[in-house]
Amino acid sequence: MNFVFALGILLFVGYWGGKLVRKIKLPEITGYIVAGIIIGPSCLRLIPRVVLENTLSPVVDIALGLIAFLIGSSLHMGRIRKLHRSVLWITALQCFFAFAVVSVSILVLSPILVNVVGVETENPFIEVLPVALVIGAIASATAPAASIAVIEELKSKGPFTSTLLAVVALDDALAIALFGLCNTAVSPGHAVYSIFMPFIEIIGSVAIGIFAGFILRLCSKFLTTTAEFLIVALGMICIISGITIFLGVSPLLANMSTGFVIVNSTMKVKRFIGALHNFTPPIYAAFFALSGAHLHFGILAKVGFLAAAAILARIIGKTLGVSVGGHIANSSAYIRKYLGLALLPQAGVAMGLALIVGQNPRLAPFEDALINIVIASVAVNEIIGPPLTALALKRSGEARV
């Protein structure tokens with residue numbers, strides 16, 4: 001099966017999946033994932049597993065680059081400086097607690113995980129530690145799109161809503177940085193090399209992104225139409241992703257850094273973002289359908305308990321982190337009590353990070369198990385997340401519908 005035909009199937013089936021779930025008030029992303037599951041190797045087998053893992057890999061690279069760029073472009077330093085310290089405390093601690101609680105839960109269940117993947121080891125805790133850290137980092141990410149959709153639907157406005165928007169905007173950037181650090185830290189290598197390599201790779205990724213950002217800023221002076229902004233921005237995202245993959249550094253951090261430079265250095269950032277948003281629907285449809293197609297029912301049946309534990313641990317980590325951060329910053333009782341429920345949706349960043357763990361040799365034996373745990377978590381959180389976000393907004397008294 002060639003790339004064009006496989007991509008066409010993902011787009012066509014993904015669209016109808018998204019359209020159908022909208023009728024039952026679920027996010028389109030859920031429909032894309034379900035559509036991918038149906039056409040994938042576990043159901044109708046319209047797309048073979050070898051095509052998913054090899055032929056369609058550029059879809060993942062482009063989608064992740066685009067997502068990271070848009071996240072970076074939301075980090076305007078002027079707005080960040082104006083944020084109340086409660087936002088910074090809550091963002092940092094809910095991210096850390098989700099990471100810590102999920103990592104510990106996977107580590108506790110490490111004997112089950114090594115048995116599922118068939119890894120022989122005398123010390124399952126040491127063997128699973130890298131996997132636990134990476135799953136924990138992935139769990140810290142949220143899905144801003146789902147939260148924004150619910151806020152718009154309920155016409156919610158006020159301190160609770162403003163805090164929620166600020167936290168979800170910053171959280172994915174923090175999650176990407178945390179994943180980059182953990183993924184690099186657990187890579188195989190000499191002890192001294194392993195200590196310094198995470199910092200070298202992060203600095204290298206950021207440097208490439210900053211350099212690309214200034215090139216993009218220079219190019220913006222010669223652009224006038226939306227089509228021109230789209231062509232140049234998308235071209236730069238692909239160049240950044242290609243160079244960083246070749247060099248073995250993080251395309252996510254690089255593209256996020258480019259978006260950060262653009263939003264803080266040129267008045268034309270809205271032209272770039274507006275142009276890219278016109279391109280996101282087909283990319284997201286293909287990306288999430290592709291992610292759903294990776295679901296393997298045989299593996300999911302074996303890791304189902306681990307997935308349930310990760311989902312529960314993430315809920316505990318998010319709500320506990322918000323509560324602790326809110327207490328430190330003297331936030332209102334509504335924020336401390338309900339904001340954690342509004343941070344449960346999980347989608348693009350989490351799914352994308354899961355799909356690239358196989359590039360790390362240390363994690364490769366656990367790749368299928370890890371992907372299925374994350375897909376299950378995303379699917380569940382995309383179903384329960386929006387209603388719980390709506391509940392939190394209503395309990396805060398800021399929902400107007």
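Bear in mind that the values in this text are calculations on the coordinates, not laboratory data. No experiment lies behind these values; they were computed from the predicted model shown. Here the Cβ is made from the backbone with ideal geometry for all residues, glycine too, and neighbour counts use every protein chain on show.
Count Lys and Arg as plus one, Asp and Glu as minus one, and take only other residues whose Cβ is under 11 Å from that of V21; the net charge is then +2. Full extension of the chain segment joining F214 with S57 gains 53.7 nm, where the gain is 0.36 nm per residue of separation less the Cα-Cα distance. Listed options for Kirkwood radius over Cα pairs in Å are [x] 21.3; [y] 22.0; [z] 23.2. The value calculated from this structure is the one marked [x].
On full extension, the segment bounded by L129 and S265 gains 44.9 nm, given 0.36 nm per residue less the C-alpha separation.
In region 325-401, what trypsin sites (Lys or Arg not before Pro) fall in a loop by DSSP, with at most 13 other Cβ atoms inside 10 Å?
On the way: sites: R336, K337, R362, K394, R395, R400; in loops: R362, R400.
For trypsin sites (Lys or Arg not before Pro) across region 325-401 that sit outside H, G, I, E and B with at most 13 neighbouring Cβ atoms in 10 Å, the list reads R400.
Projecting label points 7 angstrom from Cα along Cα→Cβ for I316 and E153 puts them 2.9 nm apart. A dipole drawn for region 58-396 from +1 and -1 charges on Cβ atoms has a positive end, and of S265, L388, N115 the residue lying farthest that way is S265.
With the helix formula -39500 (n - 2.57) applied to DSSP H stretches of n ≥ 4, the chain reaches a computed 222 nm mean residue ellipticity of -26000 deg cm²/dmol.
Going highest first, how would you order 248-257, 379-388, 212-221 by mean Cβ packing within 10 Å?
Working: 248-257: 26.2, 379-388: 20.1, 212-221: 18.0.
Descending packing order for the listed peptides: 248-257, 379-388, 212-221.
For the pair L44 and S162, a Förster radius of 41 Å applied to the C-beta separation gives a FRET efficiency near 0.35, rounded to the nearest 0.05. Model label points for I112 and R22, set 7 angstrom from Cα along the Cα-to-Cβ axis, are 3.8 nm apart.
Quick check: residue separation of N278 and E122 times 0.36 nm, minus the Cα distance between them. What number comes out in nm? Each step should come with its number before you reach the end.
Working: separation 156, 0.36 × 156 = 56.16 nm, distance 5.22 nm.
Taking N278 through E122 to full extension adds about 50.9 nm, to one decimal.
Go through K157/K268; K318/K394; K19/K302; K25/K318; K23/K270 and tell me which ones have a Cα-Cα distance over 22 Å in this structure.
Values: K157/K268 28 Å; K318/K394 19 Å; K19/K302 31 Å; K25/K318 24 Å; K23/K270 32 Å.
Beyond 22 Å: K157/K268; K19/K302; K25/K318; K23/K270.
Taking Cβ atoms as reference points and 15 Å as the exclusive limit, the residues near R336 contribute a net charge of +4, counting Lys and Arg as +1 and Asp and Glu as -1.
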